[in-house]
1. Which distance in nm do the two modelled labels at residue 239 and residue 58 give, with both placed 7 Å along the Cα-to-Cβ direction?
2. Over the Cα atoms of the stretch 1-143, each weighted equally, I'd like the Debye log10 I(q)/I(0) at q = 0.11, 0.18 Å⁻¹, rounded to two decimals.
3. Using Cβ contacts closer than 10 Å as the measure, can you line up 144, 157, 220, 16 from fewest to most?
4. Sorted from fewest to most neighbouring beta carbons within 10 Å, what does the list 277, 135, 76 look like?
5. Using all Cα-Cα distances in the stretch 1-66, what percent lands in each 10 angstrom bin from 0 up to the longest?
6. Which ordering of 269, 15 is given by a fewest-first count of other beta-carbon atoms within 10 Å?
7. Return a whole-number percent for the relative contact order of the stretch 180-286, with Cα pairs under 8 Å and 6 or more residues apart as the contact set.
8. Build a GNM of the chain with springs between Cα atoms under 10 Å: which of 225, 114, 149 gets the top mean-square fluctuation?
Ligand SMILES: [Fe+2]
Ligand SMILES: [Fe+2]
């Protein structure tokens, strides 16, 4: 297995060799007709519920458009958090090894925000607001650093489930498929880097953490994942798609058996690295 400096050098080389300019790569029509699929139906938040089945295909396609705008908005907020945190970490003493790759990471996230933002503003005239709150508190040695990269990894694992699926869905509007492909293509490298860094940071700090510290860190990461999952159920997007009683709709969807099953499946898949390092256990996540 590569050492972290070797992995950093390899990822830098791939980022340089596969540099993609999204400004020239993507075609941006003036408008997009809503009579096409923008999000794969199985990924739509209400899929699996009776509410989704009760809509006709035309309404489902309109919903798929606003769900995609919501998905891209979630990406923008997550990437803003990442860019802030990555910029702060450039050229700190303990990040010297990985700083060359942090530049590519920052550059790529900035480009992602550009195309997600342009899609939302041009075709929906808005970016949905962020719902997550972070509360400032004291940290034990290494905790803040570990939490930052572990949250980033969980977030990127989660959006990649959606990107991977939509990148190859031939039924989607071309621009949606293309943006999802482009994002997955670059995120695959961020994930290799992120998983590895999470393992290394845990390895270097966990020995000094008490059982209660580990418990708090695990709880916070599970809370972060669940809060991100809930953002996919956005009453404003439902309202924009012409649905009614949107807050009740969200509540019922989140309590739906099929939706809860999907939540657990996604959580188990995104938390693979956290199981591997022993921070989370399968039993705890049931
Ligand atoms: Fe990204
Ligand atoms: Fe990323």
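1. About 2.4 nm, to one decimal.
2. Log-scaled intensity ratios, in q order: -0.62, -1.11.
3. Going from least to most buried by this count: 16, 144, 220, 157.
4. On the way: 277 16, 135 4, 76 19.
Listing 277, 135, 76 from fewest to most nearby Cβ atoms yields 135, 277, 76.
5. 18, 25, 17, 22, 16, 2
6. So the ranking, lowest neighbour count to highest, is 269, 15.
7. 27
8. In this elastic network of the chain, the residue with the biggest mean-square fluctuation among 225, 114, 149 is 114.
No value in this document is a laboratory result; all are computed from the given coordinates. All values derive from a computational prediction rather than experimental measurement. For neighbour counting, all protein chains shown are included, and Cβ atoms are generated from backbone atoms with ideal geometry for every residue, glycine included.
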